[in-house]
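Notes follow the structure.
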Amino acid sequence: MSKVDSLPRWDLSNVYPSLESDQFRMAIESLKRQIGELEDYCVQNSIGQSGIGLLESSRLKEIVDGYITRMNPLLRLFSTVNAFITSFVTTDSYNASAKHLESELEMIEVQIKKIDVRFQGWLRNTGSLLPNILISPGPSKEHSFYLKETLEQSRYLMSEPEESLAAELELSGGNAWSKLQGTICSQLSVDFELNGKRENLPITAILNLSHHADPDVRHRAYAAELSAWKTVREPLAAALNGVKGDVVTLSRRRGRSDPLHTSLDQARIDRETLTTLISTMQDSFPSFRRYLRAKAKRLGYNALPWWELFAPVGRAHNDYSWIETREFIVEQFASFSDRLARLAERSFQQKWIDAEPRDGKRGGAFCMEVPAVQESRILCNFDGSLDSVSTVAHELGHAYHNECQVHKTILQTQTPMTLAETASIFCETIVSDAVLAKASSKEERLAILETSLMSSTQVIVDITSRFMFEKEVFEKRERSELSADEFCEIMIRSQKNAYGDGLDETYLHEYMWTWKPHYYSTTLSFYNFPYAFGLLFGLGLYAIYKKQGASFIADYESLLASTGEETPAELASRFAIDIKTPDFWRESLKLIEERIDQYVAL
Ligand SMILES: [Zn+2]
């Protein structure tokens, strides 16, 4: 693959010269010092759960203003240092000193968390005074949304010593289980015959074979994968029980009605909205099943077995060079706005993107903000496929979202997962629409539609199965631990419910719970429905843009700038969208259904 040879690696030397440099060491020292100073500030002003007593509004405003103006730069520095360390850890898993620094930073983060909890507990006691300080200009007023949300969420806090202990134990409790899952999955390998050669392949390479062109390879990879998961299911079931048990205990102790309650608050939507979203998605399942049955028919099955979910169909242009990708994306983005095109051009030019797959680099893709230099960095594993071109567009969407927020503080830009995917899905759609419009042959159109539907099926249908799985696991975990068999049973039941007659019921995937890292996070439970929300919200906005044209852009950029300062419902209402009713979700799903119709017709 000569084209892959010239793929770029990212450059963060404008942030700090290296992990060993004085500048970086000084940044860590400065971070620790700022934390110490903020701790002192809290003590001096009696910020703690017992504190507050009789305070005048003006004095309260003064203390809160002081807290905000100290916390923002601290978080900015933390997030910059974190991004810098992450840039090494994620591209070179053999870098022991980077891993060491990562762990050191996790402990620093616990200190910040403790200050935050302390502030939250203190704010709870201000009760009726808070609205008074949000009127006159100043940092408090500029952070109204953050303060109101903090006050609202402070109802679900344990006592300060309990929260402090929970934060420290997290590293050796839930977080340790989650790391164990990561380690087991990254070290699991399988003997597999590929191209006539028997090799020992990492499980991630086996998972990638689900996209392989040869049906026999896909089938054998599926079988090999399932038997590999079987060998590690006991430690993974223990890890999952540990993580979920941790969440159940803490959410009960914090007075939450259930673990979903926390996730809904994090997503900033209510239960009613989620129920509407899920049931509207379920209404669209017959269409997705129609797509899966059409795919089965084309591949020569009565019903599609699990290992064919990612089988390629049609013939796509699958050897995009990096230069072509860059030109194509910038050109398509320019059709939307100059600002977006310029941002993309800058990302390519100034080495914001690490595209080269290599040993020791993590899989997948992500985008991170580097606040100190007001830039972003993107990691992906580019292989020249249409899918990886669209991944680059997706991640650039995140960078664009960051760019729309550069003039805001960190506490003003705490974006929930439900809105975090708005710009990325939007940018991905700009590119996939363009690719589809340019396709010249039937086979190419088919391949493009397949790539798009494959991923929508994951986000709408598979995500629903994951949501159902997690919901049931939490309900059962409240009473007792679950066995590996029980996890498998719940998984199969959830998949049957979601996929219905779209898949062959005899070949589902009982071990999906073993390797999806999302199930193993103690801080982000139900890390599934926000993806569906994000996809449908991004698509819905795209449809509005198509109708409205250029006049849409200013409002859209202002929405992106405000994702940390208004709820999704409030932001949506700017575009006359009501996310509490099925209509909006139905319209977005219709866009996917149109693609299904085109696919089936071909
Ligand atoms: Zn994304």
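The values are calculated or read from the model by the stated rules, or taken from the named source; none is laboratory data. What you are looking at is a predicted structure, and each value in this text was computed from that prediction instead of being measured. A quick note on method: Cβ atoms are made from the backbone with ideal geometry, for glycine too, and the neighbour counts reach across all protein chains shown. Surface areas here come from the heavy atoms of the whole protein model, side chains and all, with no ligands, DNA or RNA. Shrake-Rupley method; radii C 1.70, N 1.55, O 1.52, S 1.80 Å.
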(Q) So E489 ticks every box in (1) surrounded by fewer than 19 Cβ atoms within 10 Å (Cβ to Cβ); (2) modelled with pLDDT under 95 but one. Which box is left unticked? (A) (2)
Q.
Can you report the number of residues in segment 306-322 which are modelled with pLDDT under 95 and of a type in the set (A, V, I, L, M, F, W, C)?
A. 4
Q) Where residues in segment 352-379 are assigned to a loop (DSSP other than H, G, I, E, B) and closer than 20 Å to C427 by Cα, which of them is modelled with the lowest pLDDT? A) G364
Q) Is it true that Y507 is touching a Pro at 6+ places or on another chain (Cβ under 7 Å) and either assigned to a helix (DSSP H, G or I) or of a type in the set (F, W, Y) (or both)? A) yes
Q) Checking Y520 against (1) in contact with a Ser or Thr (Cβ under 6 Å, 6 or more places away or on another chain); (2) over 30 Å from R218 (Cβ atoms), which test does it fail? A) (2)
(Q) So, in segment 380-412, exactly how many residues are within 16 Å of the ligand (Cβ to nearest atom) and either part of a helix (DSSP H, G or I) or at pLDDT 95 or above (or both)? (A) 19
(Q) Suppose the filter is out of contact with any Gly (no Cβ under 6 Å at 6 or more places or on another chain) and open to solvent by 70 Å² or more (accessible area, probe 1.4 Å); does D354 pass it? (A) no
**Q.** For G121: the one exception among (1) buried (at least 18 other Cβ atoms within 10 Å of the Cβ); (2) under 20 Å from the mean Cα position of the chain (by Cα)
**A.** (2)
Q. Here is a list of conditions, (1) assigned to a helix (DSSP H, G or I); (2) in contact with an Asp or Glu (Cβ under 9 Å, 6 or more places away or on another chain), and Y94 meets all of them except one; can you say which number that is?
A. (1)
(Q) Let me confirm something: among W352, W322, which residue is of a type in the set (F, W, Y) and within 16 Å of the ligand (Cβ to nearest atom)? (A) W352
Q.
If I filter segment 514-537 for residues that are touching a Gly at 6+ places or on another chain (Cβ under 8 Å), in a helix (DSSP H, G or I), within 16 Å of the ligand (Cβ to nearest atom) and farther than 26 Å from I410 by Cα, do I get at least one hit?
A. yes
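Here is a yes/no grid of residues against (1) under 20 Å from V473 (Cβ atoms); (2) open to solvent by 50 Å² or more (accessible area, probe 1.4 Å); (3) part of a helix (DSSP H, G or I):
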| position | (1), (2), (3) |
| --- | --- |
| S257 | yes, yes, no |
| T262 | yes, no, yes |
| T276 | no, no, yes |
| L292 | no, no, yes |
Q.
Looking only at segment 172-187, how many residues end up being at pLDDT below 90 and open to solvent by less than 60 Å² (accessible area, probe 1.4 Å)?
A. 3
